Structure formats: structure tokens, C-alpha cells
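The values are calculated or read from the model by the stated rules, or taken from the named source; none is laboratory data. None of the values given here were measured: they were computed from a predicted structure. Methodologically, a virtual Cβ is constructed for each residue, glycine included, from the backbone with ideal geometry; neighbour enumeration extends over all protein chains shown.
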Amino acid sequence: MCLFIETIRIDHGRVCNLSRHNRRLNDTRAHFWPESTPLQLSDYLSSPGCGAGITGAGIVKARVVYGEKGIEDLSYSPTPCGTCIRWH
């Protein structure tokens, strides 16, 4: 069983580069499992303050583990200040 990880930055409630993450996830699934149906990460990601155990605004990291069956695991963790580089 192959599993892959997509790490997504959520900055003050806004999911960064969602279309790129969707494309990479679905391209990977199509490569390894050609019969797989495309997924939309927005269907799985929730607001970090709602049921994810993350409170307050700020930068949060979403860790999406996926494979042939789809999304296997989704977890959120706060990102400590100074560990993120903001690219413009």
C-alpha cells in the first residue's frame, strides 16, 4: 500500500495554493492508480478552529495523507513563529 503526503499551509483561515495541491494530489493518484477519481481537497479541509483542535488565527499546517482509496488521514498543527518563510 503506497501512501503520499501533501502538506498545506493555512494562513489565517485561507488555504494557500489550493489549486496546485489539488493538481499534485490528483496527478499522483492518476499516475499510480489510473482508475482513481479526482478529489477536491476543499471537500476535506475544514476551518482549523472548527473541530480540528486548533484555535485562533495564524499559520496552521494541514497534513493530508492519501492513497488509492482517497484521503486516509488529515491532521492540523500550529506552525511556530519563525519556522515559515513567506514567499511573495
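Residues Ser75, Ser36: which one is touching a helix residue (DSSP H, G or I) at 6+ places or on another chain (Cβ under 6 Å) and modelled with pLDDT of 90 or more?
Result of the check over Ser75, Ser36: Ser36.
Could you look through the stretch 58-72, keep only residues that are assigned to a loop (DSSP other than H, G, I, E, B) and surrounded by 12 or more Cβ atoms within 10 Å (Cβ to Cβ), and pick out the one that is modelled with the lowest pLDDT?
Gly58
Can you tell me which residue within the stretch 9-19, out of those that are at pLDDT 95 or above and surrounded by 11 or more Cβ atoms within 10 Å (Cβ to Cβ), is farthest from Lys69 (Cα to Cα)?
Asn17
Name the pairs whose Cβ atoms lie under 9 Å apart, with the first residue in the stretch 6-25 and closer than 10 Å to Val60 by Cβ, the second loosely packed, with under 12 Cβ neighbours inside 10 Å and basic (Lys, Arg), and 6 or more positions between them or separate chains?
Here the result reads Asp11/Arg86, each pair linking the stretch 6-25 to a residue that is loosely packed, with under 12 Cβ neighbours inside 10 Å and basic (Lys, Arg).
Which residues, counting only those in the stretch 1-48, are part of a helix (DSSP H, G or I) and of a type in the set (Phe, Trp, Tyr)?
If the condition is that a residue be part of a helix (DSSP H, G or I) and of a type in the set (Phe, Trp, Tyr), then Phe32 is the only one that fits.
What is the residue count in the stretch 1-33 for residues that are in contact with a helix residue (DSSP H, G or I) (Cβ under 8 Å, 6 or more places away or on another chain) and of a type outside the set (D, E, K, R)?
Of the residues in that region, 8 qualify.
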